[in-house]
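Report on the structure given below.
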Amino acid sequence: MSLRDIAVRYGFLVLFVALVAYFASTADGFVSPQSAVFIFQSVAITGILALGVTATLVVGGFDLSIGSVATSSMMAAAYVMVVLNQNALVAVLVCLAIGVLIGLINGFLIVYMRVPDLLATLGMMFLLLGLQRIPTEGRSIATGMTMPDGSVAPGKFSDAFLALGRYRFDFFAPNLVPVSVVVLVVLAVAIWFFLEYTRFGRMMYAVGSNERAAELAGAPVKAYKIWAYVISGIFASIGGILLAARLGRGDIASGNNLLLDAVAAALIGFAVLGASKPNAFGTAVGALFVGVLLQGLTMMNAPYYTQDFVKGGVLVVALVFTFALSTRAKR
């Protein structure tokens, strides 16, 4: 194995370890169970969304609507419980139905209407950003809020629903691991096994690698592509549910960075172990990398306005490892 091959395969992991070592030596308290849990919690929702994006990347697509799907689910959960006075189960089912519906619409536009994936999901993103504000005329949704007609919302967030975002399991220490972290781990393992070890997942990779060849081999290409966007929609809605449960309100401005962070994690995943392809394990590592980076910068009192710049720089480096070096290695 040449030096270039080693750099492509292990370069990003070396960068990751070096980053952890740097923050551990310069930021007091970085190496602690509480800090580790905070990192996992901070990336749980974006990591779940990134896993959904990975499913669409596998079939050669891309989903720009995940952030707006998540925020729409968050607003829908709040509206169902606070305004319509329904229970947690109804709110969760409504949110999951929203994710499935939007995934089907995106898939239909892309597969049958032949709208390019970026344009279809970009249009859906703007549609949802506007739609989620209409019922309350742009107001965030909270218990006891005043509705546009002057009435007071009768419902509230149920304790069972709030537990999804606030309950912590005992793990080496009392109240250490949040539910959202457990959900991220379970979904990451599930989508990794699904893509790598099931026939359906392998066929999704085949569609993304060579759609025409997969079609000639008899694979239902259109169905696989639509299912990828449905998976993305479901994962985004799960992220929205967890976000609503964590905040205890439907905050219209809370999901502004979800899309960019999720896309960054999914693309960074291309560089993990030189995969050069979308993969669930790499996406999870990418989300964790972003969390470590932001947590370390925060603990070092770095100005908040520099964090996006640093994330962008890291993403560029990861993509260099993925595409530039790997392409030269193949030559």
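Computed log10 I(q)/I(0) for the range 111-231 at 0.11, 0.18 Å⁻¹: -0.73, -1.04, from the Debye equation with unit scatterers placed on every C-alpha and solvent omitted. Does anything in the range 75-109 have its amide N under 20 Å from the 7 Å Cα→Cβ label point of V186, and if so which residues? 77, 88-100, by backbone N distance to the label point. What you get for the range 104-169, charging only the Cβ of Lys and Arg (+1) and of Asp and Glu (-1), is a dipole of about 200 debye around the Cα centre.
The residues packed around I105, meaning those with a beta-carbon under 15 Å from its beta-carbon, carry a net charge of +1 if Lys and Arg are +1 and Asp and Glu are -1.
On the beta carbon distance between F194 and R133, with R0 = 41 Å, the FRET formula returns roughly 0.75. The smallest convex shape that holds all Cα atoms of the chain, its convex hull, gives 153 Å³ per residue. Kirkwood analysis of the Cα pair distances in the range 1-131 returns a hydrodynamic radius of 18.0 Å.
Neighbours of Y167, meaning other residues whose beta-carbon lies under 12 angstrom from its beta-carbon, give a summed charge of +1 when Lys and Arg score +1 and Asp and Glu score -1. Here the relative contact order of the chain, from alpha carbon pairs under 8 Å that lie six or more residues apart, stands at 33 percent. Mind checking which of V221, V17, V80 has the largest fluctuation in a GNM of the chain, springs on alpha carbons under 10 Å? Judging by the Gaussian network model, the answer is V17.
Loop-resident trypsin sites (Lys or Arg not before Pro) (DSSP state other than H, G, I, E or B) in the range 110-185 with no more than 12 further Cβ atoms inside 10 Å of their Cβ: R114.
Placing a pseudo-label 7 Å from each Cα along the Cα-to-Cβ vector at S25 and M299 gives an inter-label distance of 1.5 nm. Taking Lys and Arg as +1 and Asp and Glu as -1, the other residues whose beta-carbon sits under 13 Å from that of G248 total +2. Applying a DSSP loop filter and a limit of 11 other Cβ atoms within 10 Å to the chymotrypsin sites (Phe, Trp or Tyr not before Pro) in the range 99-133 leaves Y112. Around the amide H of D251, modelled in the peptide plane, lie the amide H atoms of I141, all under 5 Å away and 5 or more residues distant in sequence or on another chain.
Full extension of the segment from D308 to V90, taken as 0.36 nm per residue of separation minus the current Cα-Cα distance, would add 74.8 nm. In the elastic network of the chain, a GNM with C-alpha springs shorter than 10 Å, the most mobile of Q307, Q295, Q132 is Q307. Of the residues L49, L258, L195, the one that moves most in a GNM of the chain with alpha-carbon contacts below 10 Å is L195. Cross-linked pairs K277/K311; K156/K277; K222/K311: Cα-Cα separations exceed 32 Å for K156/K277; K222/K311.
Every number in this text was worked out from the coordinates using simple rules, so none of it is lab data. Model, not experiment: these values are computed from the prediction. Using ideal geometry, Cβ is built from the backbone for each residue, glycine included, and neighbour counts are taken over all protein chains shown.
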